[in-house]
Amino acid sequence: MFMRLLQLKVNPDYNEDLAKFYRETVSPKLQTIPGCVFAALIKSKPEENEFISLTFWQTQKHAEDYENSSTFQELLDQAKPYLSDSSEWKIQLSEDMEINYLEDLEIPAAKKYVIDVQKEEADKIEVDNNKMFVRIVSIKVQNNKMDEFKKIYAETIIPAFRETKGCRYAFLTHSINDNEDFLSITIWDCKEDASNFETSGSYMTLINKVKHTFSQFYLWKMSLEKQYNSQVKTSDDLTVGNYDVVTGRNFL
């Protein structure tokens, strides 16, 4: 399966217009395109003007045929009045669960990720309602602690997600381009379920089980915070991206 992500920065005055355009024009059009199996528009939190158009395709060729077609250009031209900026990633989901970020002339950089661990099969994402919520946690791990980190994720974190109310999908991806880079991605039935997970203390409990594997720079930062009782920010900090699903449809 092939996945495309189109990151959009929208003029805040046109947020609702873009959502309506995607729901009434883009999604129905994509449903008629051979090979397109899923499309969703998700909105960044707290950045209210940042969106991602997420589409899944049966094959890379289906996606490339679409992006080389006049239909894609027509939809992009129609969307441009709502946008202030955009960039795109294209991701190949192979049978061996390797995710390849493919380079494009308009893309600043190409990245590759491998799915190391997942809670459910990710070949079909179900969207039951527009309340679904996506969390993406970026993590840097010590090179000599990667196997330990993945083992803890598989044996401790995945089972915890499996028992957590509202967690529909969870998987760990590992960057091929940057050995120390990982993304933990979870998809929730609603924002409330994700928030309850965080406020219950479960999130920090899981972080505490693996934080000794995080980068030395991050561990040094934590020791400084403890020593001086104040927050320190570094480039190796965990970052959490939160996204509301604005609209989404399965085409299968």
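Structure summary
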item: Members of the range 47-70 that are more than 14 Å from V10 (Cα to Cα) and loosely packed, with under 14 Cβ neighbours inside 10 Å; result: T59, K61, N68, S69, S70
item: Single unsatisfied condition, G35 versus (1) modelled with pLDDT of 85 or more; (2) closer than 27 Å to R135 by Cβ; (3) small (G, A, S); result: (2)
item: Of all residues making up the range 130-164, the number that are in contact (Cβ under 8 Å) with a residue 40 or more places away in the chain and outside any helix (DSSP H, G or I); result: 13
item: Breaking point among (1) more than 18 Å from N15 (Cα to Cα); (2) open to solvent by 10 Å² or more (accessible area, probe 1.4 Å), for L30; result: (2)
item: Members of the range 33-46 that are surrounded by fewer than 17 Cβ atoms within 10 Å (Cβ to Cβ) and over 22 Å from the mean Cα position of the chain (by Cα); result: P34
item: Test: Y243 is at pLDDT below 75, of a type outside the set (S, T, N, Q), open to solvent by less than 60 Å² (accessible area, probe 1.4 Å) and in a strand (DSSP E or B); result: yes
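The values are calculated or read from the model by the stated rules, or taken from the named source; none is laboratory data. Because the structure is a prediction, the values reported are computed rather than measured. Cβ sites come from the backbone with ideal geometry, for glycine too, and all protein chains shown count toward neighbours. For accessibility, only protein heavy atoms count, side chains too; no ligands or nucleic acids. Shrake-Rupley method; radii C 1.70, N 1.55, O 1.52, S 1.80 Å.
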